[in-house]
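K.L.:
Before anything else, here's the structure in question.
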Amino acid sequence: MTDRTIAVDYLARVEGEGALHVRIHDRTVEEVELRIFEPPRFFEAFLRGRSYLEAPDITARICGICPVAYQMSACHALEHGLGLTPAPAVRALRRLLYCGEWIESHALHVYLLHAPDFLGYPDAIRMAKDHPEAVHRGLKLKKAGNALMARLGGREIHPVNVRVGGFYRCPSREELDELRPTLEEALALAEETVRFAASFSFPSVEEPYEFVALRHPEEYPMNEGEIVSSRGLRIPATRFEEEFHELQVPHSHALHSVRRDGGSYLVGPMARYALNRDRLGPRADAIAREVGLEPVVTNPFRSVLVRAVEMVYACEEALRIVGSYRPPDRPFVSSSGPFDVPGCMAATEAPRGLLYHRYALDRSGEITEAKIVAPTSQNQKRIEDDLRDVVTRSLDLDDAGLTDACERAIRNHDPCISCATHFLTLDLQRN
Amino acid sequence: MAATRPTLAVFKFASCDGCQLTLLDCEDELLPLADRVEIVDFREASSAVRAGPYDLALVEGSVTIPSDLERIRSIRANSRVLVTIGACATAGGIQALRNFADVREFREVVYARPEFIETLATSTPIQDHVKVDFELRGCPINKVQLLEVITAFLGRRSPNVPKESVCLECKRRGNVCVLVAHGTPCLGPVTQAGCGAICPAFDRGCYGCFGPQDTPNAPSLSRTLVQLGMEPPALQRFYRTFNANAAVFRAAAEAASPTSEVP
């Protein structure tokens with residue numbers, strides 16, 4: 001037999017620039033590389049010397065699709081380090097903002113990036129010719145998520161209202177109440193999305209994932225909770241770097257994150273759902289039952305259903321928060337120092353999964369060290385493991401078919417390559 | 001009809017993807033737009049890709065790696081109209097902070113094996129390398145302005161994108177001036193409008209994400225900010241964010257340097 005190479009020079013319908021390289025020899029998969037060639041932007045380097053107050057706005061620019069996640073992890077890390085506790089209403093508003101980002105990001109993935117794979121189109125625009133109702137529903141949902149972010153944050157991409165300690169200005173009750181009709185409609189559309197996704201046909205695949213996500217005593221996790229895994233790990237975010245290590249590989253500008261024993265793991269909607277199924281709200285719970293969604297999803301193609309269920313949850317949670325909101329006395333709390341804190345750490349749940357930040361500050365509050373571990377750098381190795389399985393199972397397909405199967409396997413995890421590329425360790429400095 | 005539709009392509013260089021996402025954020029306009037233009041290359045949204053030439057190319061991101069140079073020249077050669085979108089493409093973006101530092105050190109801070117990483121010493125706007133027909137500012141761009149630019153170029157007219165300051169937008173919105181009334185540092189007087197004056201509407205100062213306005217007086221603003229008690233390092237950082245490499249902001253930051261005379 002001969003060598004066979006599957007190469008995709010530029011992956012489509014993912015955020016950022018990545019390529020795929022697979023080498024097969026005598027029906028054995030010899031090499032699988034998710035090549036991330038997105039140029040590095042060195043965030044962790046230029047954060048040094050910036051004021052801690054600038055971290056939310058600067059790190060937001062790592063990703064235009066999930067800027068709120070960066071703002072949240074930065075704020076929580078710094079507040080944790082500085083001993084700041086924002087008011088309960090601020091906490092609720094942050095959760096509301098995150099709901100907006102989850103809705104927007106998941107709607108983008110479910111309808112514009114992922115659904116075309118199941119229905120056989122190159123994109124949602126062409127899909128709209130035959131499935132106009134579905135695409136309109138997706139765009140409407142996405143718009144609702146964006147409306148929520150714009151109302152709370154000033155705009156949907158790189159919102160301006162988030163600051164360490166809270167918000168620059170908290171909305172009035174009326175400002176939030178105006179969102180209710182939009183959110184109620186979105187909730188119905190999200191439920192319809194779950195039914196829509198349940199009508200897709202899924203290849204039967206099971207992967208042995210180690211799921212990693214936050215878990216909170218009462219809530220489906222967004223901003224707070226312990227880091228837990230499906231194999232029994234349970235640690236506070238401050239111990240993240242003891243359990244998860246980053247490796248640099250020659251074929252990628254994004255560092256690979258692995259478990260302490262070198263194994264891959266998965267963060268994101270499938271992990272959150274598997275570890276927090278019992279924390280869903282009543283509407284999300286009911287719709288998951290209605291379509292027969294298993295409590296632990298190990299088929300990556302079915303991640304589309306989990307994203308849809310999470311949208312239902314985000315809509316019902318947003319409505320709950322809007323309904324009980326009372327503006328806080330002060331929009332933010334601030335620190336008068338001392339600022340020389342060596343370890344300000346936190347993790348929150350970005351739409352694509354766990355996002356860890358660590359900062360060290362000097363006496364004046366300037367950042368002396370920053371470390372950011374994005375969901376996609378954590379999932380990279382696991383995506384390569386998925387790919388190896390897909391290729392092994394699909395060796396009888398022709399090259400076009402096999403390439404398509406590989407691209408779908410990658411899109412199952414909604415990778416955000418822009419995010420992954422900019423996160424980097426400080427290993428060199430430590431050694 | 002399909003054969004006569006103008007072709008649109010979207011390309012990405014070093015960036016966060018937010019400006020091309022703005023096109024997908026035009027939820028109400030996306031499908032009607034796709035009827036008027038043929039989207040032939042937009043990798044974030046479609047796996048169907050057709051070669052150029054393109055009637056309109058939208059370019060996001062800045063030039064940061066050696067292969068970018070050849071790629072942007074090739075895109076230019078294939079595009080009737082080339083519009084750059086966002087602070088990365090029009091000014092080098094936040095990653096242009098490397099222009100004021102030693103990039104080798106940056107690479108070593110970030111990567112354990114820096115020899116794997118090929119990067120240029122600077123992050124530069126597209127305009128530094130090829131002719132650009134229009135620069136749409138913002139970090140991120142504003143979607144109404146994006147639609148205006150696309151519509152204008154399809155209609156072969158110039159886009160109506162004001163280059164006035166955020167102050168004018170702020171007054172029209174009815175905001176209280178945060179600089180005058182509250183003494184909050186604000187870059188609004190030297191920054192181009194287009195965002196809707198959102199920062200002052202949320203009780204904070206403008207941080208300049210649309211870059212310098214047409215007729216800015218940064219030295220005058222810097223004097224005011226120093227009078228408000230801003231220290232030189234903070235003043236320098238104020239100008240050095242998402243448009244740090246834009247000439248006016250670059251000069252203002254240099255003038256604010258702790259080692260130079262206060263302007």
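K.L.:
In contact with a Cys (Cβ under 7 Å, 6 or more places away or on another chain) and outside the structural domain of A:GLY365 (by TED's automatic domain parsing): does that describe A:LEU20?
P.N.:
On the way: in contact with a Cys (Cβ under 7 Å, 6 or more places away or on another chain): yes; outside the structural domain of A:GLY365 (by TED's automatic domain parsing): yes.
Here the answer is yes, as A:LEU20 does meet what is asked.
K.L.:
If I filter the range B:76-96 for residues that are within 30 Å of A:ALA45 (Cβ to Cβ) and more than 13 Å from the chain's Cα centre (by Cα), do I get at least one hit?
P.N.:
Keep residues of the range B:76-96 that are within 30 Å of A:ALA45 (Cβ to Cβ), which gives B:84-96.
Filter once more, so that each one left must be more than 13 Å from the chain's Cα centre (by Cα): none.
Looking through the range B:76-96, none of the residues is within 30 Å of A:ALA45 (Cβ to Cβ) and more than 13 Å from the chain's Cα centre (by Cα).
K.L.:
Can you name every residue in the range A:123-162 that is in contact (Cβ under 8 Å) with a residue 60 or more places away in the chain and out of contact with any Gly (no Cβ under 9 Å at 6 or more places or on another chain)?
P.N.:
Listed by number, the residues that qualify are A:ASP123, A:ALA134, A:LEU141.
K.L.:
Here is a follow-up. Is there a residue being over 25 Å from A:GLU33 (Cβ atoms), touching a Lys or Arg at 6+ places or on another chain (Cβ under 7 Å) and surrounded by fewer than 18 Cβ atoms within 10 Å (Cβ to Cβ) anywhere in the range A:217-237? Spell out the reasoning first.
P.N.:
From the range A:217-237, those over 25 Å from A:GLU33 (Cβ atoms) are A:217-237; that's our starting set.
Next, only the ones that are touching a Lys or Arg at 6+ places or on another chain (Cβ under 7 Å) stay: A:219-223, A:225-226, A:228.
Filter again for surrounded by fewer than 18 Cβ atoms within 10 Å (Cβ to Cβ), leaving A:219, A:226.
Yes, that holds for at least one residue.
K.L.:
Continuing with the same structure: Could you look through the range A:122-157, keep only residues that are facing chain B (nearest Cβ under 9 Å) and basic (Lys, Arg), and pick out the one that is farthest from B:ASP35 (Cα to Cα)?
P.N.:
A:ARG155
K.L.:
Could you check the range B:32-141 for helices (runs of 4 or more DSSP H) lying wholly inside it with 2 or more residues that are away from chain A (no Cβ under 14 Å) and over 23 Å from A:ALA60 (Cβ atoms)? Walk me through how you get there before you give the answer.
P.N.:
Values: elements: B:66-77, B:87-91, B:103-110.
Counting at least 2 such residues, we get B:66-77.
K.L.:
Here is a further query. Within the range A:152-176, count every residue that is under 16 Å from B:ILE141 (Cβ atoms) and of a type in the set (Gly, Ala, Ser).
P.N.:
At the first step, the residues of the range A:152-176 found to be under 16 Å from B:ILE141 (Cβ atoms) are A:154-160.
Still in the running and of a type in the set (Gly, Ala, Ser): A:154.
Qualifying residue count, the range A:152-176: 1.
K.L.:
In addition: Between a residue in the range A:311-340 that is at positive phi and any residue that is at pLDDT 95 or above and crowded, with 19+ Cβ neighbours inside 10 Å, which pairs come within a Cβ distance under 8 Å, given they are 6 or more apart or on different chains?
P.N.:
Close Cβ pairs satisfying both conditions: A:GLY337/A:GLY365.
K.L.:
Within the set of pairs 6 or more residues apart or between chains, which connect a residue that is facing chain B (nearest Cβ under 8 Å) inside the range A:13-25 to a residue that is aromatic (Phe, Trp, Tyr) with Cβ atoms less than 7 Å apart?
P.N.:
Here the result reads A:GLU17/A:TYR10; A:GLU17/A:PHE37, each pair linking the range A:13-25 to a residue that is aromatic (Phe, Trp, Tyr).
Every residue, every condition in (1) farther than 25 Å from B:THR90 by Cβ; (2) in a helix (DSSP H, G or I); (3) more than 14 Å from every other protein chain (Cβ to nearest Cβ), yes or no:
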{"residue": "B:ARG172", "(1), (2), (3)": "no, yes, yes"}
{"residue": "B:VAL176", "(1), (2), (3)": "yes, no, no"}
{"residue": "B:CYS195", "(1), (2), (3)": "no, no, no"}
{"residue": "B:CYS206", "(1), (2), (3)": "no, no, no"}
{"residue": "B:CYS209", "(1), (2), (3)": "no, no, no"}
{"residue": "B:ASP214", "(1), (2), (3)": "no, no, yes"}
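The values are calculated or read from the model by the stated rules, or taken from the named source; none is laboratory data. Note that the coordinates shown come from a computational prediction; the quantities given were computed from them, not determined experimentally. Note that we place each Cβ from the backbone using ideal geometry, even for glycine, and neighbour counts take in every protein chain shown.
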